[in-house]
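Asker: Please read through the structure below; I'll follow up with questions.
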Amino acid sequence: MSTRTILITGGAGFIGSHVVRLFVNKYPGYTIVNLDKLTYAGNLANLIDIEHAPNYRFVKGDICDSGFLKNLFSEFPFDGIIHLAAESHVDRSISNPMEFIMTNVLGTVHLLNEARHAWKADFSGKRFYHISTDEVYGSLGTEGYFTEESRYDPHSPYSASKASSDHLVRAYHDTYGLPTLISNCSNNYGSYHFPEKLIPLAINNIRTNKPVPVYGNGENIRDWLFVEDHARAIDLLYHKGKNGETYNIGGHNEWKNIDLIRLLCKIMDRKLGRPDGTSAALITFVKDRAGHDLRYAIDSGKLQKELGWQPSLQFEEGLEKTVDWYLGHQDWVDGVTSGEYQYYYQQQYEQR
Ligand code: NAD
Ligand code: DAU
């Protein structure tokens, strides 16, 4: 059994919790250290099933705190880092960009510095894996796909901060030889998704008979991937990807927002035993997001050819599973939608 010590940042968030769970269960010989600040988006309830696993440790901390990171790196002999910690919601980046610059840009540089310092004696067998987004490529027209060669063209403070962190990760590879790897993924969906994002927000609003806000005319297109498929891709890339490379990850699954919401409404009517059309009546077109990217679509051919990865689920199946999870985990939803969420929701949607 191989042994490694891996630092996963942002492991209490949506995608991070799926990655932590996969690594803790699949690699009993590894020590998995989850470093998370537990912002509004981080929740230890996401990891309750593995919290007592002997190969798992949780550490609360901020990636922007270099003194804290120094101590952490002297306590654990990390072989690798999978960096997911970030501010991740585009709408919040429009109302409060500084948090995004602090965590996504400066926090990433603090981590890069610490890895470089801790590993300087020997980079062999080490890896700094940075998790990024397709939003760095900007917006597509009606045709074409983002490839690893697409030009960076971010439009929101969130995507600009992620683009900036990608450039810095590449710079540390090219300048210092740090063994880095980047993947850029499309929109994820599934369990433990915070209900500020479209799919879980719509599920929650439909269940509670609240308006379902669709920005603009609902024609914007996203490429949706089941979160567990993203976690599998991260596992493959962490172990088999090439240093210095970028890999795109996507679902080959484009949906206009309005079509996705209509499908979700149908599923919800059936699950809740309501007459067909009840949920669709809640759809409300609201003021568009500023700088709203029209279309994202990923070409993940490189990852498929080099490492044989494929999405495992059809979207309808994944969406049904997701709805079932939310309807079966009302305690979790109630927990994350109390307090700060109510204030956020009011600020965000009252004016639209
Ligand atoms: P999330 O918002 O659900 O979770 C982010 C986590 O990071 C939270 O647990 C939060 O507490 C933690 N965090 C935030 N600031 C921190 C700090 N300063 N120090 C330590 N921890 C901190 O995000 P997510 O949707 O799971 O996204 C994870 C990563 O994947 C992000 O880097 C995001 O850019 C990227 N990504 C997300 C998607 C998506 O569809 N959600 C798609 C592609 C890429
Ligand atoms: O593409 C990857 C990105 O996907 C990740 O990097 C981000 O972290 C993640 O949040 C996600 O960004 P989006 O902005 O695409 O996701 P969001 O769920 O916020 O919105 C999806 C689409 O739905 C988008 O076109 C905006 C629209 N929308 C969103 C909300 C919250 C609505 O129409 N109404 C809403 O209430």
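The values are calculated or read from the model by the stated rules, or taken from the named source; none is laboratory data. Remember, predicted model here, so these are calculated numbers, not experimental data. Positions of Cβ are backbone-derived with ideal geometry, glycine not excepted, and every protein chain shown enters the neighbour counts. We work out accessible area using only protein heavy atoms, side chains counted, and drop any ligands, DNA or RNA first. Shrake-Rupley method; radii C 1.70, N 1.55, O 1.52, S 1.80 Å.
Asker: Among the strands (runs of 3 or more DSSP E) lying completely within segment 133-238, list those that include at least 2 residues that are crowded, with 21+ Cβ neighbours inside 10 Å and more than 15 Å from ligand 2 (Cβ to nearest atom).
Answerer: The qualifying strands (runs of 3 or more DSSP E) are 180-185.
Asker: Same structure, new question: I'd like to know if segment 75-85 contains one or more residues that are within 16 Å of ligand 2 (Cβ to nearest atom) and either in a loop (DSSP other than H, G, I, E, B) or open to solvent by 20 Å² or more (accessible area, probe 1.4 Å) (or both).
Answerer: Yes, segment 75-85 has at least one match.
Asker: Can you work out which of the residues in segment 61-91 that are under 15 Å from the mean Cα position of the chain (by Cα) and not acidic (Asp, Glu) is farthest from Val33 (Cα to Cα)?
Answerer: So, considering only residues that are under 15 Å from the mean Cα position of the chain (by Cα) and not acidic (Asp, Glu), the one farthest from Val33 (Cα to Cα) is Val90.
Asker: So, of the residues in segment 87-98 that are of a type in the set (Gly, Ala, Ser) and within 15 Å of ligand 1 (Cβ to nearest atom), which turns out to be least open to solvent (accessible area, probe 1.4 Å)?
Answerer: Ranking the candidates gives Ser93 first.
Asker: May I ask you to list pairs of residues, at least six apart or on different chains, whose Cβ atoms are under 8 Å apart, with the first in segment 156-181 being closer than 19 Å to His239 by Cα and of a type in the set (Val, Ile, Thr) and the second being open to solvent by less than 10 Å² (accessible area, probe 1.4 Å) and outside any helix (DSSP H, G or I)?
Answerer: What qualifies is Val169/Phe128; Val169/His130; Val169/Thr180; Val169/Ile182; Thr180/Phe128; Thr180/Tyr129; Thr180/His130.
Asker: If Ile101 passes every condition in (1) closer than 17 Å to Asp65 by Cβ; (2) away from ligand 1 (no atom under 16 Å from the Cβ) but one, which one does it miss?
Answerer: Failing condition for Ile101: (2).
Asker: A further question on this structure: Open to solvent by 40 Å² or more (accessible area, probe 1.4 Å), in the same structural domain as Tyr129 (by TED's automatic domain parsing), touching a residue at least 24 places away in the same chain (Cβ under 8 Å) and closer than 29 Å to Asn25 by Cβ: is that true of Phe68 in this structure?
Answerer: no
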